[in-house]
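Take a look at the structure set out below.
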Amino acid sequence: IFQLTDYIIYPSEALRDITSKYIQNGTKTYVITDPWQLTQSHNPRKIDPNAIKIIWYGSNKNIIYLQNELQNLITNSSPIYKYELTILTAQYALEEIKKTIVNLRASGSKWTFRLVPWHIKSQPTQLELEIRNAHIAIIPSDPTDPLKAGVSHNRIVDACRGGCVAVASPMQSYKDLSDITLLGDNMAKLLNEAISNYPEYCQNLTSKREGLLKKFDPRVNELSWQNFWKDCLKNL
């Protein structure tokens, strides 16, 4: 497909870099980042040790990364807190995650789960409501999985805009937002770090996010597409 293509649009520089060896001479490439979905920026919420609210949201194909992390999170999270994990996704993925939760060891009463079905007709209102009610967003993935190569920034952007301290795997595109995101391979360790220093991470998030997230503004996205089409017309 690339060999037959005159123009290629990417959601991230990381994905363009990965595929550069397949691009023909003369093919023009553009990066147009996905716009944020939340209608406004929200301030972080004050944390409550009796109800630290964590959120995970994503598509069916991403649920496996959460399943792989749940036991680690429960076993190695700090025992002095109680946790509520909201999982917002399609009903099929919720049914899969239920099977994982049943088999978790030593969950005790420290962790509770809210399984919330994704309602496509209620977006982005539902997504915004859930994010702005959480303290921390967890976004586990796998940097070595070819299916995740060059992943979009969208989940990180919405978490930060919603006032959540974001904890995520070190995907190449996520590193663009490393100043306001905790990146690493161990979700439990990162979660403990985020909670232990929550006020400082919240302050850092609110002071830096405006400048870092401005390129994900829907108005910037619209202008980028307009410029792309203008460029196409010039070459007709």
Consider ALA93 carefully, then state whether it is farther than 27 Å from LEU212 by Cα, out of contact with any Lys or Arg (no Cβ under 8 Å at 6 or more places or on another chain), among the small types (Gly, Ala, Ser) and open to solvent by less than 40 Å² (accessible area, probe 1.4 Å). yes
Quick one: which residue in ASP179, ASP185 is part of a loop (DSSP other than H, G, I, E, B) and over 17 Å from ARG161 (Cα atoms)? ASP185
State which residue is farthest from ASP34 (Cα to Cα) when the search covers only the range 202-221 and only residues that are in contact with a Pro (Cβ under 9 Å, 6 or more places away or on another chain), touching a residue at least 60 places away in the same chain (Cβ under 8 Å) and in a helix (DSSP H, G or I). CYS202
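Based on this model, can you work out whether LYS46 counts as more than 30 Å from TRP229 (Cβ to Cβ) and either in a loop (DSSP other than H, G, I, E, B) or of a type in the set (A, V, I, L, M) (or both)?
Spelling it out, LYS46 is indeed more than 30 Å from TRP229 (Cβ to Cβ) and either in a loop (DSSP other than H, G, I, E, B) or of a type in the set (A, V, I, L, M) (or both).
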Go through the range 60-83 and give me each residue that's farther than 14 Å from ILE101 by Cβ, in contact with a Lys or Arg (Cβ under 8 Å, 6 or more places away or on another chain) and not polar (S, T, N, Q). PRO79, TYR81, LYS82
On the given criteria, is ILE80 in contact (Cβ under 8 Å) with a residue 24 or more places away in the chain and in a loop (DSSP other than H, G, I, E, B)? yes
Would it be correct to say that VAL151 is aliphatic (A, V, I, L, M), in contact with a Phe, Trp or Tyr (Cβ under 6 Å, 6 or more places away or on another chain) and in contact (Cβ under 8 Å) with a residue 12 or more places away in the chain? no
Regarding GLY162, is this residue over 18 Å from GLN37 (Cβ atoms) and either among the aliphatic types (A, V, I, L, M) or in contact with a helix residue (DSSP H, G or I) (Cβ under 7 Å, 6 or more places away or on another chain) (or both)? no
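Looking at the range 124-143, is at least one residue more than 30 Å from SER77 (Cα to Cα), among the polar types (S, T, N, Q) and free of Cβ contacts under 8 Å to residues at least 24 places away in the same chain?
yes
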Answer from ILE156, ILE87, ILE97, ILE120 - the residue that is over 24 Å from TRP36 (Cα atoms) and free of Cβ contacts under 8 Å to residues at least 40 places away in the same chain: ILE97
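Conditions tested, residue by residue: (1) closer than 21 Å to TYR198 by Cα; (2) assigned to a helix (DSSP H, G or I).
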position	(1), (2)
GLN67	no, yes
ILE74	yes, yes
GLU84	yes, no
TYR92	no, yes
GLU96	no, yes
VAL116	no, no
ALA134	yes, no
THR144	no, no
ARG155	yes, yes
From the list LEU73, LEU38, which residue is surrounded by 14 or more Cβ atoms within 10 Å (Cβ to Cβ), under 20 Å from HIS135 (Cβ atoms) and in contact with a Gly (Cβ under 6 Å, 6 or more places away or on another chain)? LEU38
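The values are calculated or read from the model by the stated rules, or taken from the named source; none is laboratory data. Quantities reported herein were computed from a predicted structural model and do not represent experimental measurements. FYI the Cβ positions are ideal-geometry reconstructions off the backbone, even for glycines, and counts take in every protein chain you see. To get the accessible areas, we keep the full protein, side chains included, count just its heavy atoms, and leave off ligands, DNA and RNA. Shrake-Rupley method; radii C 1.70, N 1.55, O 1.52, S 1.80 Å.
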